[in-house]
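Laboratory data are not the source of any read-out in this text; all were calculated from the coordinates shown. Computed from a predicted model, the values in this text were never measured in an experiment. Ideal geometry is used to build each Cβ from the backbone, glycine not excepted, and the neighbour counts take in all protein chains shown.
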Amino acid sequence: MAMPPPLTFAVTWDYRCPFARNGLEHIIDALEAGAPWDVSFVPFFLNQSHVPEGGTPSWEDPLQQPDLGALAAGVVVRDRYPEHLLAVHRSLFTARHDEGGDLRDRSVVAGALSRAGTDADAVLKEVEAGWPAKVVRDEHERAVDQMQVFGVPTFIAGDSAVFVRLMSRPQGDAQLARATIEHVLTLMDGHPDLNEFKHTRIAR
C-alpha cells in the first residue's frame, strides 16, 4: 500500500516572539520524533511589520541592523547546515526566552549556535557577508505580497495562511506536539470560514 504524501506546510519565525517559540517547539518536537511532514521555515523580520506607511524600511535603517543578526544566522543554518536547523531554532529561542539573552549581542548568538553543535564562527562569517539579510528581506516581502502575512508564527499551506497563537509549549510531549500542529492544519484546510476564533480570557 502506497504511503500518503507528507503534510507540506511553511511557518514564519522570528526568535524574539514567544508565540513563535511555542509554535516552532511543537513542530520541532514532532519532527524529531518522526512526524512525516515537509516543513519550510520562512524568516519574518518583526521590525519591518511595525514600520509606518512611508517610513524608512527596517532593512535600510542602520540602527535596526543588529536586530537582524539572529534571524540571519538562522537562515545561514537553514540553507548551509540544514541538519542543525532544528537544534539551532531551539537553542536561539532558549537563549532569548529562558536565559533572557539579547540576540543583538553577537556573543549570545554565537553561544546558542555552539550549544546546538554548529560552527558559530562559520555561520557568523556568512552573516557578515550580507547575503542572509537579503534572503530575509526577499522571503519576508514575498510572504507579505503573496499571502498578506503580518506576524509570527504564520502557518502557510497551499493558498492559505493563518496566524496562530499557541499558548503553551509541548514540554517534550511529541504526541501532543504532532496532534496540535495537525489540528491547526486540519482547521486551515477543513474550515476556511473560521476566520477568527479567540478566547476572551486565558484559563490558568
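Here the Karplus relation 6.51 cos²θ - 1.76 cosθ + 1.60, evaluated at θ = phi - 60°, turns the backbone of the stretch 184-197 into coupling constants of 4, 5, 5, 4, 4, 7, x, 9, x, 6, 7, 8, 8, 8 Hz, with x for every Gly and Pro.
Diffusion coefficient (Stokes-Einstein, Kirkwood radius over C-alpha pairs, 25 °C, 0.890 mPa s) for the stretch 7-190: 148 µm²/s, rounded to a whole number. Determine the percent antiparallel among the DSSP beta bridges restricted to the stretch 7-190, to the nearest 5. Of all bridge pairs located within the stretch 7-190, approximately 45 percent are antiparallel. Using R0 = 30 Å, the C-beta based FRET efficiency linking Ala33 and Lys198 works out to 0.50. Full extension of the chain between Glu182 and His50 yields a length gain of 44.5 nm, computed as 0.36 nm times the residue separation minus the alpha carbon distance. Here Leu86, Leu113 are placed in order of increasing Cβ neighbour count within 10 Å, fewest first, which gives Leu86, Leu113.
Along the chain, the exposed loop sites are chymotrypsin sites (Phe, Trp or Tyr not before Pro) outside DSSP states H, G, I, E and B with at most 16 other Cβ atoms within 10 Å, and the longest stretch free of them is 1-149. Estimated from the Cβ-Cβ distance and a Förster radius of 22 angstrom, the FRET efficiency linking Asp189 and Lys134 is about 0.10. Straightening the chain between Asp61 and Arg104 buys 14.0 nm, computed as 0.36 nm per residue apart minus the Cα-Cα spacing.
Kirkwood-type hydrodynamic radius, the stretch 119-204: 15.9 Å, calculated from all non-identical alpha-carbon pairs.
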